Amino acid sequence: MTDEQPAEPAAEGTVVESAQAASPAIRPSAIVLRADQEEFDHKQLSTLALVSPGLANAPRGHLAMFFHYCVRTGLDPFARQIYMIGRTNWKAADNPDEPEKTWTIQTGIDGFRTVAHRVAAKAGESISYEDTVYYDSEGHAHEVWLSKVCPAAVKVTVLRGSSRFPMTAVWGEFAPTYYDRKSGSYVLAKMWQQMPSHMLRKCAEAGALRMTAPQDLSGVFVDEEMERADAEAVVREAEEATRLLRQAAGLEAGQNSGGDTKGNPADGRATAGPDKSADKPERKKRARPAKKAAPAPAAGAEAEQDAAPPKRKPRKRAEPRRAAS
């Protein structure tokens, strides 16, 4: 990428300082996007790296795509009206063809409104809104959300000319939850706790505005739409760190498979804690002396005993006869 000097004023759709056209004596900024550019120069990239530090490692192709979106939408990346954020791609761990990072073009809801109004004005139309509708968990509609409970859904309808573009954002599809280590449970993001109806309304409005100007807003997301992806990334990083710790401690499933180690079941699942009994030898029980068994009689002895005649009872001796006197 080359550092080119400003030459001609930027064409329509590029980011230009408003004072440049009013007074030719005021020189344009060194980082303003010019009409003769095809990509960011090194001064602009250095400034973008300060605004978004992650862009310093962004591939050149993604930077070219980001430049294209800046020119197409007319939003100023140096004022953070539009920016590109890289997130870890967890599919890359299982698929080597997947990139390590995925890059998303994001902006605020004001950027969406600016682009939609500009596109409609070029076509001789205007942007307007119907009343926002809030829904509770039972499907009942409300004009204003006053309950302390989070709304189940919000519907925003944007009108462009004679066309209607309704969009309904469901709470369970957009609300981001983070894992809180102190409480040991998942909690709602801070801003979504403080302003749940307002945050969900932004998601619905962004979807409706994207339908009004698909050529200019397709592939661009508002911050509220991507907060759920950020929350999932935090959870995945925590799960990955926990897995590495368990693996280092020898508790990861599959390391002691087969059930040959005491304390581990036969299906190879890790137990709740380390098996301390494996380090201690088992106590041996003393063997009691076996009782001597009576010798078994011989094979023919029992038969001879049965064949022997029973013993005769001794006869009483006859008393001698007394002589007659």
Checklist line | For residue 81, residues with placed amide H under 5 Å, excluding near neighbours | finding: 76
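Could you list 225, 38 so that the one with the fewest beta carbons within 10 Å of its beta carbon is first and the one with the most is last? Please list the in-between numbers first.
On the way: 225 20, 38 10.
Result, fewest neighbours first: 38, 225.
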Checklist line | Binned Cα-Cα distances of region 127-246, short to long, each 5 Å bin given as a whole percent | finding: 2, 11, 18, 19, 17, 13, 9, 6, 4, 2, 1, 0
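In percent, what relative contact order does region 127-246 have, based on Cα pairs under 8 Å that are 6 or more apart in sequence?
Working: 171 pairs, mean separation 26.7, N = 120.
For region 127-246, the relative contact order is 22 percent.
No lab work stands behind these numbers, since they all come straight from the coordinates. Predicted model only: the values in this text are computed from it and were never measured. Heads up, the Cβs are rebuilt from the backbone with ideal geometry, glycines too, and the neighbour counts pull from every protein chain shown.
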